[in-house]
Structures are given as structure tokens and as C-alpha cells.
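Asker: Would you mind keeping the following structure in view while I ask a few things?
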Amino acid sequence: MAIERHLDEERQARLELLIDRYKDAQHRRLVKRGVALWNRTEADVLRARYMTDPPAGKIN
């Protein structure tokens, strides 16, 4: 029976490793999406700030 228990423990260890790797990959994907969203938002704010027409009464 010791052989079966060893196989079950090994299978459980591999499963836990795969779960940890999946969680890490999921976290990296979320961070990457967050950074992309931040960069897009920052670019939109800068574009809105600097791409507007100057006030009509102001020449320089």
C-alpha cells in the first residue's frame, strides 16, 4: 500500500504545483491588463489636455 500512497502524494504535489502556476499566470495577466489600462487612461488624459484649442481671446 505504500506505493499507492506515494503515487497519491506525488499526484497531489503535481496538482498543487499546477494550481500555483495557474494562479501566478493569472496574476501576471491581470497586472498586465492593469498596466495597459493605466497607460491608455494616462494617454487619453494627456491627449485631452494638450489637443484642445486655445481660448479664442488669447493669441500668445
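The values are calculated or read from the model by the stated rules, or taken from the named source; none is laboratory data. Everything numeric here is computed off the predicted structure, so don't read it as measured data. Ideal geometry is used to build each Cβ from the backbone, glycine not excepted, and the neighbour counts take in all protein chains shown. For accessibility, only protein heavy atoms count, side chains too; no ligands or nucleic acids. Shrake-Rupley method; radii C 1.70, N 1.55, O 1.52, S 1.80 Å.
Asker: Any idea how many residues of the range 29-53 are exposed (fewer than 10 other Cβ atoms within 10 Å of the Cβ) and not aliphatic (A, V, I, L, M)?
Answerer: 4
Asker: Does the range 13-27 hold any residues that are open to solvent by less than 90 Å² (accessible area, probe 1.4 Å) and among the hydrophobic types (A, V, I, L, M, F, W, C), and which are they?
Answerer: The answer is ALA13, LEU15, LEU17, ILE19, ALA25.
Asker: Sticking with this structure for a sec: Inside the range 1-12, can you point out the residues that are surrounded by fewer than 10 Cβ atoms within 10 Å (Cβ to Cβ), hydrophobic (A, V, I, L, M, F, W, C) and either in contact (Cβ under 8 Å) with a residue 60 or more places away in the chain or in a helix (DSSP H, G or I) (or both)?
Answerer: ALA2, ILE3
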